[in-house]
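To start, the structure under review is shown below, and the notes come after it.
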Amino acid sequence: MAKPSLEEFTDMLDRAVNRIPPRFCRELTGGFNVQKKKQRDGDYYILGEYIEEDHLGSFILFYYGSFVEVLESEPREAWEAEIMDTVLHEMQHHLEAQAGLDDLARQEIEELTKALHQK
């Protein structure tokens with residue numbers, strides 16, 4: 001399958017986001033946003049990112065270019081599944097931030113530490 005266009009990607013993302021009950025998004029003041037670029041952290045592509053800023057509030061970014069790098073030749077179902085997984089992952093960051101927790105961040109640091117020590 002050819003990679004989805006940016007517009008097709010945002011349509012898939014909108015369908016995933018619209019399934020979230022509104023009460024979970026109450027404090028997500030900046031909503032869900034897409035950037036065309038790819039985002040990297042070392043060897044890893046960042047598909048999405050939960051951001052909290054004093055002046056901008058909290059919002060979630062999805063990086064279309066990163067999805068392209070990771071999934072370019074994959075079927076549409078793989079794109080939809082990865083979008084849903086990324087939405088859930090970033091929403092977990094948001095909900096944990098609202099509750100004053102950082103369990104997911106600790107888990108990600110542990111996974112990154114293991115990955116870096118395997119090389």
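Some points to look at:
- When restricted to residues that are exposed (fewer than 12 other Cβ atoms within 10 Å of the Cβ) and in a loop (DSSP other than H, G, I, E, B), the range 1-10 contains 2.
- Phe62 of a type in the set (A, V, I, L, M, F, W, C), assigned to a strand (DSSP E or B) and closer than 26 Å to Lys114 by Cβ: yes
Yes or no, residue by residue, for (1) among the charged types (D, E, K, R); (2) part of a strand (DSSP E or B); (3) on the phi < 0 side of the Ramachandran plot; (4) in contact (Cβ under 8 Å) with a residue 24 or more places away in the chain:
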| residue | (1), (2), (3), (4) |
| --- | --- |
| Tyr50 | no, yes, yes, yes |
| His55 | no, no, yes, no |
| His93 | no, no, yes, yes |
| Glu110 | yes, no, yes, no |
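- The set of residues in the range 11-56 that are exposed (fewer than 12 other Cβ atoms within 10 Å of the Cβ), of a type in the set (Lys, Arg) and at pLDDT 90 or above comprises Arg19, Lys36, Lys37.
- Residues in the range 71-81 that are touching a residue at least 24 places away in the same chain (Cβ under 8 Å), part of a helix (DSSP H, G or I) and either exposed (fewer than 15 other Cβ atoms within 10 Å of the Cβ) or over 13 Å from the mean Cα position of the chain (by Cα) (or both): Leu71, Arg76.
- Selection within the range 20-38 - within 11 Å of Leu95 (Cβ to Cβ), under 15 Å from the mean Cα position of the chain (by Cα) and not in a loop (DSSP other than H, G, I, E, B): Cys25
- Check on Glu8, more than 26 Å from Ala97 (Cα to Cα) and at pLDDT 95 or above: yes
The values are calculated or read from the model by the stated rules, or taken from the named source; none is laboratory data. Quantities reported herein were computed from a predicted structural model and do not represent experimental measurements. For neighbour counting, all protein chains shown are included, and Cβ atoms are generated from backbone atoms with ideal geometry for every residue, glycine included.
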